[in-house]
Amino acid sequence: MASASRAVRCCIVGGGPAGMMLGLLLARAGVSVLVLEKHADFLRDFRGDTIHPSTLELMHELGILEELLRLPHQQVSRLAAQFGDFPLTIADFTHLPTRCKFIAMMPQWDFLDFLVRRAKIFPTFQLEMQAEATELIEDGGRVTGVRAGTPAGPLEVRADLVVAADGRSSVLRERAGLSVEDLGAPMDVFWFRLSRRPPDPAVTMGRFDIGRIFVLINRGEHWQCGYVIPKGSAEEVRRRGLEAFRAEVAHLAPWAADRASEIRNWEDVKLLTVKVDRVRQWYRPGLLCIGDAAHAMSPVGGVGINLAIQDAVATANLLWEPLRAGRPTIAQLRRVQARRQWPTRVTQRLQVLVQRRVITRALQGGQARMTPPLAIRLLARHPWLQRLPARLVGVGVRPEHVRSPAI
Ligand SMILES: Cc1cc2nc3c(=O)[nH]c(=O)nc-3n(C[C@H](O)[C@H](O)[C@H](O)COP(=O)(O)OP(=O)(O)OC[C@H]3O[C@@H](n4cnc5c(N)ncnc54)[C@H](O)[C@@H]3O)c2cc1C
């Protein structure tokens, strides 16, 4: 079958938070942009539903915050944890210097649909769903486009810049031969839902017990639950059987014990294989990686979406003008990495620290009683310290602001 072909200034592969945000910003700045997304819709498994205060700030800068907040969501102002019998607040967002002093919990597909609706206002925006990029097109060592499969047949897209926003298993970064540094993670996570009932606690929390970590995110009608297991032990947990798994859930959230039977089979329990990695070089001539394709984040702090969005904003700020003129140079692509590499490294370093000091310790067990580490005990003793984790999680390191124009 002959390939259909398209030509745009920028072809973004992947319609996740990074790709859709960049698509919106570039189209808004008058750059012709095509986003290729391999799925037919955004209605997929849970991939994190957090919209952080700094992302909400960006929505305000774009003049679309109120419209976004009209969509159904929950507002989380504090994050809590329980170490053994010791409950405490970890992060208090109410003092942040941002317009919204909370994390908005919204299904990711609603947020992505919202970004698409806003992007479609601009005539320079195109989105091709069910278009799976498979190959890079290269010319003399420079990436000049991508080949994709679509239900209507093969598609060839020529572009001055291809952006790999295709997530942590990025095909494009692999095809481009960009080398990846693996920082390692001690855990994987089983995700599932339990219904939420009026007498349940309201707060989003993490429960740390000897050998176990259980995360409960308040989603209004239901709890999004994360059962953290030592890396590679999913098969062992499954082998122990569903009844043992339900009993474990009932033990960790006794007030929800009557709902453990809502986990009907292992299909209801999705495994997230945790990865923490980053590409050493984010670009090649004609190609740039952003979001999880450049750096898969640990779930610690739930900051992956925020970093992906921040990457998109920095990319648009730095490249909208070169893209309007033609091909961004290598020096211009390097500037994107230089801008975003530092926040990525700092955030990953903190995540790896928490993985080692808190998560590995809790999962290994071996103690008679689960006690919080000193840094966590200090948060309980001096509540004003809770503003620090709130800042790191809610705003992050080097927050970006929209500098690209609306043309
Ligand atoms: C179970 C789970 C829970 C998580 N919880 C949180 C959380 O609470 N908070 C948080 O901030 N982060 C969370 N994360 C991480 C978060 O989902 C990612 O960090 C974030 O989505 C990264 O955005 P992205 O746009 O870079 O990549 P992704 O969101 O992965 O988007 C990549 C997109 O590219 C598409 N794609 C892939 N390959 C191709 C291809 N070849 N051609 C075309 N399209 C392609 C995919 O379909 C996808 O839509 C979680 C992740 C998982 C898996």
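The values are calculated or read from the model by the stated rules, or taken from the named source; none is laboratory data. Since the structure is predicted, the reported quantities are computational estimates derived from the model, not experimental observations. Every residue, glycine as well, gets a Cβ built from its backbone with ideal geometry; the counts of neighbours run over all protein chains shown. These accessible areas exclude ligands, DNA and RNA; they are computed on the full protein's heavy atoms, side chains included. Shrake-Rupley method; radii C 1.70, N 1.55, O 1.52, S 1.80 Å.
For segment 48-163, the Kirkwood hydrodynamic radius comes to 17.8 Å, computed from all pairs of different C-alpha atoms. One chain, two ends: V346 and S179. Fully extended at 0.36 nm per residue, the span grows by 58.1 nm beyond their Cα-Cα distance.
Computed with a 1.4 Å probe over protein heavy atoms only, the accessible surface of segment 239-309 comes to 39 Å² per residue. The helix-based estimate of mean residue ellipticity at 222 nm for the chain, built from -39,500 (n - 2.57) per DSSP H run of four or more residues and divided by its residue count, is -9500 deg cm²/dmol to the nearest 500. Between A325 and L378, the contour length at 0.36 nm per residue exceeds the Cα-Cα span by 13.8 nm. Note on T360: accessible area approximately 40 square angstrom, rounded to 10, probe 1.4 Å, nucleic acids and ligands left out. Extending 7 Å from the Cα toward the beta-carbon at both R142 and E61 defines two label points whose distance is 3.0 nm. Take 311-323, 15-27 and order them by the average number of nearby Cβ atoms within 10 Å per residue, most first; the result is 15-27, 311-323. In the chain, the portion of solvent-accessible area held by carbon and sulfur atoms comes to 52 percent [1.4 Å probe, whole percent, DNA, RNA and ligands not counted]. Based on the alpha-carbon gyration tensor of segment 25-111 and its eigenvalue square roots a ≥ b ≥ c, which shape applies: rounded if a/c is under 1.5, prolate if not and a/b is larger than b/c, or oblate? The shape class here is oblate. If the chain linking Q364 and S169 were pulled fully straight, counting 0.36 nm for each residue of separation and taking away their Cα-Cα distance, it would gain 67.3 nm.
Using R₀ = 56 Å, calculate the FRET efficiency as 1/(1 + (r/R₀)^6) where r is the Cβ-Cβ separation of R239 and I121; round to 0.05.
Details: r = 52 Å, r/R0 = 0.93.
For R239 and I121, the calculated efficiency is 0.60.
Across segment 330-407, Cα-Cα pairs farther apart than 14 Å form 75% of the total.
Peptides 57-66, 263-272 ordered by packing proxy, namely the average of other Cβ atoms within 10 Å per residue, highest first: 57-66, 263-272. Once the Cβ-Cβ distance of L388 and W266 is raised to the sixth power relative to R0 = 41 Å, the FRET efficiency obtained is 0.60. With semi-axes defined as the square roots of five times the eigenvalues of the C-alpha gyration tensor, the equivalent ellipsoid of segment 1-73 measures 27, 18, 9 Å, largest first. For the chain, the antiparallel share of DSSP beta bridges with both residues in that region comes to about 70%.
Given R0 = 30 Å, the distance between the Cβ atoms of R334 and E156 translates into a calculated FRET efficiency of 0.60.
Label-to-label distance for M129 and D110 is 1.8 nm, based on points extended 7 Å past Cα in the beta-carbon direction. Working ranking of peptides 298-306, 167-175 by packing, defined as the average number of other Cβ atoms within 10 Å per residue, highest first, is 298-306, 167-175. Shape index of segment 146-222: Rg/Rh, with Rg the Cα radius of gyration and Rh the Kirkwood radius from the inverse mean 1/r over Cα pairs, equals 1.19.
Radius of gyration over Kirkwood radius for the chain, both on Cα atoms: the Rg/Rh ratio is 0.98.
When the C-alpha to C-alpha distance is required to be over 21 Å, the pairs from K231/K275; K38/K231; K38/K120 that qualify are K38/K231.
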